[in-house]
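> Please see the structure below; I have some questions.
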Amino acid sequence: METAAPPRVQALAETGVSRLPAQYIQPPEHRPAHPSSSPVPAALSVPVVDLSSPTAADAVRAASADWGAFHVVGHGVPGELLDAVRGAGLAFFRAPMEDKLRFACDPARVAAAEGYGSRMLANDDSVLDWRDYFDHHTLPESRRDPAHWPDFVPGYRDTIVKYSNSMKDLAQRLLRIISGNLNLPPSYIEEAVGEVYQNITISYYSPCPQPDLALGLQSHSDMGAITLLIQDDVGGLEVLKDGMWIPVAPLPDGILVILADQTEIITNGRYKSSVHRAVVNAERARLSVATFYDPSKSRKICTAPQLVSKDEPQKYRDVIYGDYVSSWYSKGPEGKRNIDALLIQP
């Protein structure tokens, strides 16, 4: 039985709907808490690491161990390119619906289908996110076909290609720092991941009539190795730290680094993947661009033996990445339940 495509959230929002449709209402335990009910200490904010600093490796080590998420600046990616990719995404979502629908995902292929969509999970019973997105398959280059991307936004396809290459270089630079910080060969995590499979997902979160009942993106950790994310000035991304949801303030030229599940497995839990979510608001649309750096589905991911000892036994079973992806999409993310299922001693 084919999965029917849900309505586009943007189209729904633009009708002026005043009540949230039932399929977008989160169960009470997953709804964003009212700000007054869970104050966040003012000093608690996602670390910012200047990659041009001589102490960058130490700062990455501390942020990886304490947070699993951190902003990088001084990264060498031109601000003009960050602005261009945000601008291209905004131009796509502001275009007429008939133009956008020419690049719609195949509703029969929910999991990571390329194109314009609104539903990410294969489970028909899951609560829907208040989000539309465009997912681009960008690496390896044999998988990259710009003909699948919008042709009605000037420069869109070239911008995505340039951004893809730039994000690959930055991800590999960060993985080399992370490997070195664990006294592994600098190329260790990169080689453990193997040929990189990269997706770039531009997400658009429309104003929501009842933002206290919905999520733009439910709580989850990313399934791959590392994610690089930029956002506009609206805000809405939150990371989970010590049981509290910490807002990630937008940083115009900053790139948010999010460690993902395969890095947690490879590092034997020394560095944990970051649980994060997106909240929505009633007034302003928000845009973000996430670049995922993942293994191939046939790749076997194993803990680095150098990080296993009598005092620190192996925490996770080895896993074929494709099996992990299938579980993630069929069961749904829900925090870290997919990586927790691999624990040798739960």
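> If a residue counts only when it is modelled with pLDDT of 95 or more and closer than 24 Å to THR263 by Cβ, which strands (runs of 3 or more DSSP E) contained entirely in the range 1-119 have at least 2 such residues?
Correct list: 48-50, 69-73.
> Of everything in the range 303-324, what is out of contact with any Lys or Arg (no Cβ under 8 Å at 6 or more places or on another chain), within 24 Å of GLU190 (Cα to Cα) and either in a loop (DSSP other than H, G, I, E, B) or without any contact (Cβ under 8 Å) to a residue 40 or more places away in the chain (or both)? Give them in sequence order.
Matches in the range 303-324: ALA304, PRO305, VAL308, SER309, GLU312, PRO313, GLN314, LYS315, ARG317, ASP323.
> Of everything in the range 221-238, what is touching a His at 6+ places or on another chain (Cβ under 7 Å) and not hydrophobic (A, V, I, L, M, F, W, C)? Give them in sequence order.
GLU238
> Scan the range 221-243 and give yes if some residue there is part of a helix (DSSP H, G or I), open to solvent by less than 10 Å² (accessible area, probe 1.4 Å) and either acidic (Asp, Glu) or out of contact with any Ser or Thr (no Cβ under 6 Å at 6 or more places or on another chain) (or both), otherwise no.
The answer is no, given that none of the residues of the range 221-243 is part of a helix (DSSP H, G or I), open to solvent by less than 10 Å² (accessible area, probe 1.4 Å) and either acidic (Asp, Glu) or out of contact with any Ser or Thr (no Cβ under 6 Å at 6 or more places or on another chain) (or both).
> Kindly indicate which of GLU312, GLU283, GLU334, GLU264 is among the acidic types (Asp, Glu) and modelled with pLDDT under 95.
Every option except GLU334 fails the conditions.
> Which one of the conditions (1) open to solvent by 60 Å² or more (accessible area, probe 1.4 Å); (2) assigned to a helix (DSSP H, G or I) does SER327 fail to meet, given that it meets all the rest?
Going through the list (1) open to solvent by 60 Å² or more (accessible area, probe 1.4 Å); (2) assigned to a helix (DSSP H, G or I), SER327 breaks only (1).
> Also: Take the residues in the range 268-283 that are out of contact with any strand residue (DSSP E or B) (no Cβ under 6 Å at 6 or more places or on another chain) and within 17 Å of VAL319 (Cβ to Cβ), then tell me which one is most open to solvent (accessible area, probe 1.4 Å).
Once the filter is applied, the top-ranked residue is LYS272.
> For residues that are in a helix (DSSP H, G or I) and under 18 Å from ALA63 (Cβ atoms), tally how many sit in the range 176-197.
7
> May I ask you to verify whether ILE258 is farther than 16 Å from TRP67 by Cα and among the β-branched types (Val, Ile, Thr)?
Taking the combined requirement at face value, the residue does not satisfy it.
For (1) in contact with a strand residue (DSSP E or B) (Cβ under 7 Å, 6 or more places away or on another chain); (2) open to solvent by 20 Å² or more (accessible area, probe 1.4 Å); (3) of a type in the set (S, T, N, Q), each residue gets a yes or a no:
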site	(1), (2), (3)
PHE93	yes, no, no
ALA104	yes, yes, no
THR138	yes, no, yes
ASP151	no, yes, no
ARG157	no, yes, no
LYS162	no, yes, no
LEU182	no, no, no
PRO186	no, yes, no
GLU191	no, yes, no
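> So, in the range 244-262, how many residues would count as being buried (at least 21 other Cβ atoms within 10 Å of the Cβ) and over 18 Å from ILE344 (Cβ atoms)?
Qualifying residue count for the region: 8.
> For the range 197-220, give me each residue that is open to solvent by 10 Å² or more (accessible area, probe 1.4 Å), closer than 20 Å to TRP328 by Cβ and hydrophobic (A, V, I, L, M, F, W, C).
The one that is open to solvent by 10 Å² or more (accessible area, probe 1.4 Å), closer than 20 Å to TRP328 by Cβ and hydrophobic (A, V, I, L, M, F, W, C): LEU217.
The values are calculated or read from the model by the stated rules, or taken from the named source; none is laboratory data. Because the structure is predicted, anything quoted here is derived from the model rather than measured. Glycine also receives a Cβ, built like all others from the backbone with ideal geometry; neighbour counts cover every protein chain displayed. Keep in mind that these areas ignore ligands, DNA and RNA; they rest on the heavy atoms of the full protein, side chains included. Shrake-Rupley method; radii C 1.70, N 1.55, O 1.52, S 1.80 Å.
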